[in-house]
Amino acid sequence: MALKDVSLRVLPKQVVLVIGPSGSGKSTLLRCIDRLEFLTSGEMWIDDDRVTDRSGDIRKIREELGRRLLERVGLGDKAESYPEQLSGAQQQRVAIARAAAERVVFMDNGEIIESEPPSQVFADPQEERTKRFVEHIL
């Protein structure tokens, strides 16, 4: 799926949930962030690191992002641990770090259609495509 004029600003410490139907561009967006796919135009920044700079150390960027999420839930010291080495409570905190969201981005056909707090997207979506998607999944 090609992305079309996607512009997304995520504030420091903000967790964003990206949703949409199959083939909407979610995975492509994430693959671009993780530099598994490269942009044909535009730029992508994470803090002061230009992710689209192919000479940058993507392993360092990936590691820093993952460690920051773990630190937010008090598990920074468990970054090298496997899931089976964590207690049940620690596993739940890792799940929270992965899924806690302050904003939901709905994508369709390679575009960001709606970007709002979860309560609005799930209870009162503004765009027709978002409404249809939410009705389908709930």
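The values are calculated or read from the model by the stated rules, or taken from the named source; none is laboratory data. As the structure is a computational prediction, the values presented were derived from the model and not from experiment. Reconstructed Cβ throughout: ideal geometry from the backbone, glycine too, with neighbour counts over all protein chains shown. Only protein heavy atoms, including side chains, enter the accessible area calculation; ligands, DNA and RNA are left aside. Shrake-Rupley method; radii C 1.70, N 1.55, O 1.52, S 1.80 Å.
Summing charges over neighbours of R129, with a neighbour being any other residue whose Cβ is under 13 Å away from its Cβ, gives -4 when K and R count +1 and D and E count -1.
Based on DSSP H runs of at least 4 residues, each adding -39500 (n - 2.57), what is the mean residue ellipticity at 222 nm of the chain after dividing by all its residues, to the nearest 500 deg cm²/dmol?
-11000 deg cm²/dmol
Checking (i) 9.5; (ii) 16.6; (iii) 7.8 against the coordinates, the calculated mean projected area of the Cα convex hull in nm² falls under label (i). Taking every protein chain into account, the accessible area of the chain amounts to 68 square angstrom per residue (probe 1.4 Å).
The order of M107, M44 by accessible area, most exposed first and with a 1.4 Å probe, is M44, M107. Estimated at the nearest 10 Å², the accessible area of T130 is 0 Å² with a 1.4 Å probe. Loop-located trypsin sites (Lys or Arg not before Pro) in segment 1-83 (DSSP state not H, G, I, E or B) with no more than 16 neighbouring Cβ atoms inside 10 Å: K4, R9, K13, R54. Taking 0.36 nm per residue of sequence separation and removing the Cα-Cα distance, the L86/Q14 pair yields an extension gain of 23.4 nm.
Across segment 101-111, coupling constants 3J(HN,Hα) worked out from phi with the 6.51/-1.76/1.60 Karplus curve, θ = phi - 60°, read 9, 9, 8, 10, 10, 9, 10, 7, 6, x, 10 Hz, and Gly and Pro carry x.
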